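Here the structure comes first, spelled out in structure tokens, and everything after it is commentary.
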Amino acid sequence: MKELRSPGSIIFDALNILFMIFLMGITLYPFLYVAMASVSEPDLLRSFEGLLYKPLGLQFDAYKAVLSNALMITGYRNTIMYAVGGTALNVMLTSMLGYALSRRGPRLMPFFMMAIVFTMFFNGGLIPTYFVMKQLGLVNSWFAVIVPGLVGTYNLIIMRTHFQGMPVELEESAKMDGANDMTVFFKIMMPLSMPIIAVMILYYGVGHWNSWFNAAIYLNDAEKFPLQLVLRNILTMNATDDSLIGLGSRKGQDMNEIVKYACIMVSIIPIITVYPFLQKYFAKGVMIGAIKG
């Protein structure tokens, strides 16, 4: 039976679609502008006015300069290492802690949960945290980028809520067969939690890929800088000279602007290609955290 719709409902849907298209346009246009500008001729781009939706000329010198630059390549290597290694540790520790906090037996679990949630609103501050890292010998080390955010409180709440929603009979049945807590966690809970683990990988992976602040605070050696910190130096500190880009004296400031656009594209393309494969789990993870407390 065909549903009868009122004129007001049809008008509302039409306006809603138009509004969403408008939002998509203003969201995607900055990305389109950067993509088109990165392959445009510098002199044509400098004199261009209006909306840019296609390349002005076509050249890939900026990408050649970026991909041949030692700091960019090193930044890529470091970011991949931080993202892969850090995400693996994040997911494992968050899952284990979330599973432990979801158990209904121990009486102190609510207290521990309250203490963890407390950290969402209050922290020790930047300077005390720096001194702690220094005393631990982590300053200017690879772990300085990963350790401060090993377990995200919001992600922990999502994992805990997920484990609380799993049937208790699964655990009880496994323990009757002689399984201990570690066996239950790794052989039963984790395989059944792959969708929420995909959400954690997305959350933590994107966070590591875009992270630069901890590296800027704790790292002194440029060989350990992640890609985003290298990119920040290029974009905000005007560090586009021969030592960083290799084009400063050859094509001048116009070419440096194109190189900046190329840097942005090089840094975001990998994470954009991964995101669609995990995006379908994103809404599920948000709903898990929103429906249950």
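The values are calculated or read from the model by the stated rules, or taken from the named source; none is laboratory data. Computed from a predicted model, the values in this text were never measured in an experiment. Neighbour counts run over all protein chains shown; Cβ positions are idealised from the backbone, glycine included.
Structural remarks
- Options Asn233, Asn210: the member that is within 14 Å of Ile264 (Cα to Cα) and under 11 Å from the mean Cα position of the chain (by Cα): Asn210
- In the stretch 1-53, residue nearest to Glu257 (Cα to Cα) [restricted to those that are of a type in the set (A, V, I, L, M, F, W, C) and assigned to a loop (DSSP other than H, G, I, E, B)]: Val39
- Test: Thr27 is closer than 27 Å to Gly205 by Cα, in the same structural domain as Lys260 (by TED's automatic domain parsing) and hydroxyl-bearing (Ser, Thr, Tyr): no
- Exactly one residue out of Thr94, Thr74, Thr129, Thr119 is in the same structural domain as Ala198 (by TED's automatic domain parsing) and in contact with a Ser or Thr (Cβ under 9 Å, 6 or more places away or on another chain), and it is Thr119.
- Some residue of the stretch 75-83 being out of contact with any Pro (no Cβ under 7 Å at 6 or more places or on another chain), surrounded by fewer than 21 Cβ atoms within 10 Å (Cβ to Cβ), outside any helix (DSSP H, G or I) and modelled with pLDDT under 90: no
- Test: residue in the stretch 194-210 that is over 15 Å from Thr87 (Cα atoms), crowded, with 16+ Cβ neighbours inside 10 Å and assigned by TED's automatic domain parsing to the domain that holds Thr273: no
- Within the stretch 129-186, the set of residues being of a type in the set (Ser, Thr, Tyr), within 20 Å of Met96 (Cα to Cα) and touching a residue at least 40 places away in the same chain (Cβ under 8 Å) comprises Tyr154, Thr161.
- Positions within the stretch 32-52 being over 20 Å from Leu67 (Cβ atoms) and without any contact (Cβ under 8 Å) to a residue 60 or more places away in the chain, in sequence order: Leu32, Tyr33, Leu44, Ser47, Phe48, Glu49, Gly50, Leu51, Leu52
- The residues of the stretch 26-40 that are surrounded by 10 or more Cβ atoms within 10 Å (Cβ to Cβ) and either more than 18 Å from Pro55 (Cα to Cα) or touching a Leu at 6+ places or on another chain (Cβ under 9 Å) (or both), listed by number, are Tyr29, Leu32, Tyr33, Met36, Ala37, Val39, Ser40.
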